[in-house]
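Participant: I'd like to ask you about the structure that follows.
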Amino acid sequence: MFSNKKRDWTFCDTQDVMMFALGCAKGIANQLFRNPRWRSGLFVHHLQFPNYTVYTKQRPFAEVPHGSASSNQNVFEYCCRRHMSNSTIELRTEDNVVRFSFSNNTKSVPMRRTEKKWKRAKSSRKAKVNELRFYRLKAKKKMNSPNPEVRIRYKLEKAKRKEEWLIEKLRKYDVPKTPAEAYDPETLTEEEQHYLKRTGEKRKNFVLVGRRGVFGGVVLNMHLHWKKHETVKVICKPCNKPGQIHEYAEELARLSKGIVIDVKPNNAIVLYRGKNYVRPQVMSPVDTLSKDKALEKYRYEQSLEHTSEFIEKLEKELEEYHKYVARYKKKDEVDSKSKAV
């Protein structure tokens, strides 16, 4: 009826095969769960298919539904979820041959709820403080180094990093210039220019350009003055750089569409509104900064200027140090040669 060489049993009748398979499954289950407390919890569970009976525990087991008795692959898996191992028992009937296999399957049964991915835990406040302390001690070690080259190079690297950061900050305040509208510039005679120059000097109305430079508020004040006066005087107080007053004069003429009458040596500009002057609806131009942003830009520019000066100073110090070292090396070599002679 059957051969025991390869541990495969061949049966002629399907009912005999299933009865023998169920008996073997019961024996394997009893050997697996020798604990009497677990063995008492086993019971026979009837599926929808009358030909099969599955031995399971009520809670921790999961059944895999099976097809008809004549199918090629018939698999029953018993997976332990809680208080049990992840072992699996398989029953296969292929070509009237019954095979059992016992394997440790580490894969867990798929749960209904999707498992949440673990996010990287945020570092605590103490860890951040310790990290900052480490960098401070490292910087302090370089600052207090007995080698002057190490100290100068540390300061130079720090200043260059600050310079790059300031340049990136200043790029945010670059406003793209709108294309200039076409307008007919008025031509003035020498007499008219002389008259407007004298009247602009005598009148007391003026607009102040401070540390913020030329921004929207300056142009707006100029249009308000031109409502009652033909000319307006623009006084630039911190014009310390050479040629800065002329740059301001060109920028104000472009934004206000006025005419520059005179640029005085005491950092004053006289502007004429024109004969056919019409006050615009938007007196503050679009391509200008606001008052607050103009002040921020000025602070970054001042910081960039001082940083660049500091970098030049450090580079000179480093060059002098290298010259000093090279000079004394030559002196030591000469002394060593003289002693050898």
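The values are calculated or read from the model by the stated rules, or taken from the named source; none is laboratory data. Just so you know, these numbers come straight off a predicted model, no measurement behind them. Counting neighbours? That spans all protein chains shown, and the Cβs are built from the backbone with ideal geometry, glycine included. Only protein heavy atoms, including side chains, enter the accessible area calculation; ligands, DNA and RNA are left aside. Shrake-Rupley method; radii C 1.70, N 1.55, O 1.52, S 1.80 Å.
Participant: Given a Förster distance of 22 angstrom, what is the FRET efficiency for VAL260 paired with ARG211, based on the Cβ-Cβ distance and rounded to 0.05?
Facilitator: On the way: r = 22 Å, r/R0 = 1.02.
Computed FRET efficiency for VAL260 and ARG211 comes out at 0.45.
Participant: Considering only protein heavy atoms, what is the solvent-accessible area of GLU250 at a probe of 1.4 Å, reported in Å² to the nearest 10?
Facilitator: GLU250 has an accessible surface of roughly 130 Å² with all protein chains in place.
Participant: Send over the Kirkwood Rh of the stretch 241-341, from the inverse of the averaged 1/r over different Cα pairs, rounded to one decimal Å.
Facilitator: Details: mean 1/r = 0.0516 Å⁻¹.
For the stretch 241-341, the Kirkwood estimate is 19.4 Å.
Participant: Which residue, chosen from ILE235, ASN144, HIS223, occupies the Cα position most advanced towards the positive end of the dipole of the stretch 141-246, where the dipole is computed from +1 (Lys, Arg) and -1 (Asp, Glu) charges on Cβ about the Cα centre?
Facilitator: Working it through, the farthest residue towards the positive pole turns out to be ASN144.
Participant: Long-range amide H contacts for VAL232: which residues qualify at under 5 Å (H placed 1.01 Å from N, peptide plane, sequence gap of 5 or more or a different chain)?
Facilitator: Result for VAL232 returns LEU271.
Participant: Something else now. Tell me, what is the FRET efficiency for LYS337 and ARG133 to the nearest 0.05, using R0 = 45 angstrom and their Cβ-Cβ distance as r? Write out the running numbers ahead of the final one.
Facilitator: Details: r = 50 Å, r/R0 = 1.12.
Using R0 = 45 Å, I get an efficiency of 0.35.
Participant: Evaluate 2.2 N^0.38 Å with N set to the residue count of the stretch 131-198, then give the Cα radius of gyration divided by it.
Facilitator: Numbers: Rg = 27.4 Å, N = 68, 2.2 N^0.38 = 10.9 Å.
Here the Cα radius of gyration is 2.50 times the empirical estimate.
Participant: Once the other residues with Cβ under 12 Å from the Cβ of LEU170 are scored (Lys, Arg +1; Asp, Glu -1), what is the net sum? Show your work: numbers first, answer last.
Facilitator: Numbers: positive: LYS169, ARG171, LYS172, LYS293, LYS297, ARG299; negative: GLU163, GLU164, GLU168, ASP174, GLU296, GLU301, GLU305.
So the surrounding residues net to -1.
Participant: Another question about this same structure. For PHE134, PHE215, PHE20, write out the residues from largest to smallest accessible area, computed with a 1.4 angstrom probe and no ligands counted.
Facilitator: On the way: PHE134 120, PHE215 30, PHE20 75 Å².
From most accessible down to least: PHE134, PHE20, PHE215.
Participant: Would you mind computing, in nm to one decimal, how far apart the modelled labels at LYS172 and VAL150 are, each placed 7 Å from Cα along Cα→Cβ?
Facilitator: My value for the distance between the label points is 3.7 nm.
Participant: Still on this structure, please answer the following. Run through the stretch 264-321 and list the trypsin sites (Lys or Arg not before Pro) located in a DSSP loop whose Cβ has at most 15 other Cβ atoms within 10 Å. Before the final figure, lay out each step's value.
Facilitator: Working: sites: ARG273, LYS275, LYS291, LYS293, LYS297, ARG299, LYS313, LYS316; in loops: ARG273, LYS275.
Within the stretch 264-321, the qualifying trypsin sites (Lys or Arg not before Pro) (loop, at most 15 other Cβ atoms within 10 Å) are LYS275.
Participant: Shifting gears a bit: Search the structure for amide H atoms under 5 Å from the amide H of ASP262, placed 1.01 Å from N in the peptide plane, and list their residues when 5 or more places away or on another chain.
Facilitator: Here VAL270 satisfy the definition.
Participant: Next up: So how strong a dipole does the stretch 173-274 carry about its Cα centre when Lys and Arg Cβ are +1 and Asp and Glu Cβ are -1, to the nearest 20 debye?
Facilitator: My answer is approximately 680 debye.
Participant: Estimate the FRET efficiency between GLU190 and LYS237 by the formula 1/(1 + (r/R0)^6), using the beta-carbon distance for r and 35 Å for R0, to the nearest 0.05.
Facilitator: On the way: r = 31 Å, r/R0 = 0.88.
The value I calculate is 0.70.
Participant: Still on this structure, I have one more. How large is ³J(HN,Hα), in whole Hz, for each residue of the stretch 268-285 in order, when computed from phi with the Karplus curve 6.51 cos²θ - 1.76 cosθ + 1.60 and θ = phi - 60°, using x for Gly and Pro?
Facilitator: After applying 6.51 cos²θ - 1.76 cosθ + 1.60, I find 10, 10, 9, 10, 10, 6, x, 6, 9, 6, 10, 5, x, 5, 9, 7, 9, x Hz.
Participant: Accessible area per residue of the stretch 184-341 at 1.4 Å probe, in Å²?
Facilitator: In whole numbers, the stretch 184-341 has 68 Å² accessible per residue.
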